[in-house]
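The numbers here are math on the coordinates, done by the rules we state, and not lab data. Since the structure is predicted, the reported quantities are computational estimates derived from the model, not experimental observations. Cβ: placed from backbone, ideal geometry, glycine included. Neighbour counts: every protein chain shown.
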Amino acid sequence: MTEKLPFEALSVETLAVRLGDNDALCAKIGKDTTCWKVREVGDGNLNLVFIVEGASGAAVVKQALPYVRLVGDSWPLPLKRSFFEYHALTRQEARAPGSVPAIHHFDEGQALIIMEYLSPHIILRRALIEGRQLPNIARDIGLFMARTLFRGSDLHMAAKDRKADLALFADNVELCDITESLVFSDPYFDAKMNRHTSPQLDGLVADLRADRDLKVEAQRLKHLFAANAETLLHGDLHSGSIMVTDRETRMIDPEFAFYGPMAFDVGMLLANFWMSFFSQRGHEQTGKRDAMRAYLLGVTAETWSVFRAEFSHLWRTERTGMLYQKSLFEDQGDRLGAEQALDHVLHQIWTDLLGFAGIEVHRRILGLAHNADFETIADEDLRASCEAKALKFGRHIAVNRRHIHSIDEVNNLAALIEQESSI
Ligand code: SR1
Ligand code: MG
């Protein structure tokens, strides 16, 4: 029996020695470690990410650390998140083939995944900050969400299999706790690690933290997040978790995967497009971004439309689970009944996604984990003005979500708020 080595974080210096005998990696990039080039490129909040290039190719080695990288070892975080990421990636590949990086090797003890090096892909967030209009993202992400969310639920899976998966991912407690605190609660009180652009936003932040309707809504959404184990979520589907070229889109980093409400992934994703929209004003040094703003609103509309269409298609063709079973509807010649139920399900996702989107916008401006869309705006007054508009937008869609009926309505609101002149 091979001895299980204790966990040890890799470094640029040690990676070739530690993984030089890894068959999967050698098969991908070549055995001769003397010509391996190793770079650490992790720019996320949690993990180490290395790109390793050898004589015959390249691969990514991602390793979890026993703490939150963004904060340091004062915030311990279990290595098992790598296990959940690995299992989520395998399920996403099965449910939405070609949408995630291929896995070459997984080592649970070392909390590392060796996976496909995506090149020339870049992080979607970076592309949007640069003002790049990618033609396929709405279609690709809309399909990914519909396929993974539908096929991971009781609409499609055998109840026994879904319950087994629910149990497996239920142990991702600490990452859920990050979301439960950082997304749903901390932004709405003076939590220790919060920060915001100050003093420019101080007044607005105080107003939001005193806003009873908003706080109640955020807690209703937290309740939904924690208690509605509907499907296997990506769990952190923002524009930093997506890699793109002009033609291709891949979703990465599902370490926050767990069973939760379908609307969470969709809402978080759309929130990131709306935040990009409000941040564009801060990136106009090299020219106006009017076309980019129009593109981004178009992307939100198309993503939602593709999601709905694919979800509806799967509803009609793959509804093999225990929910809304065909024996109650189609098998009795009642296709209308099945369509009526589909409308209800989509309407619920719509209403909830607006709530999740609103609070995702807030937490990126008021909480610990900000995003580069706003953070890279060097002029603080300009940044605050972009952020203030996004905060108002987020508040409106979260609190009024039950009275908003279409994505056009939301996008018209975004355009109106964007045209307002000041904080
Ligand atoms: C402490 S982790 C902060 C954030 O980074 C991750 O990407 C998640 O979005 C999390 O909320
Ligand atoms: Mg991540």
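Filtered by the rule that a residue be among the small types (Gly, Ala, Ser) and more than 17 Å from LEU237 (Cβ to Cβ), region 337-377 gives GLY337, ALA338, ALA341, GLY367.
Listed by first and then second residue, the pairs linking a residue in region 240-258 that is free of Cβ contacts under 8 Å to residues at least 40 places away in the same chain and away from ligand 2 (no atom under 16 Å from the Cβ) to a residue that is polar (S, T, N, Q) and not in a helix (DSSP H, G or I), with Cβ atoms under 6 Å apart and 6 or more places separating them unless they lie on different chains, form an empty list. Listed by first and then second residue, the pairs with beta-carbon distance under 9 Å, at least 6 apart or on different chains, first residue in region 36-47 and within 16 Å of ligand 1 (Cβ to nearest atom), second assigned to a loop (DSSP other than H, G, I, E, B) and β-branched (Val, Ile, Thr), are ASN45/VAL71. The residue that is surrounded by the most Cβ atoms within 10 Å (Cβ to Cβ), among those in region 394-410 that are touching a residue at least 60 places away in the same chain (Cβ under 8 Å) and out of contact with any Gly (no Cβ under 9 Å at 6 or more places or on another chain), is VAL410. Of the residues LEU391, LEU413, LEU368, the single one that is buried (at least 22 other Cβ atoms within 10 Å of the Cβ) and of a type outside the set (Ser, Thr, Tyr) is LEU391. For region 177-220, residues that are within 16 Å of ligand 2 (Cβ to nearest atom) and hydrophobic (A, V, I, L, M, F, W, C) total 3.
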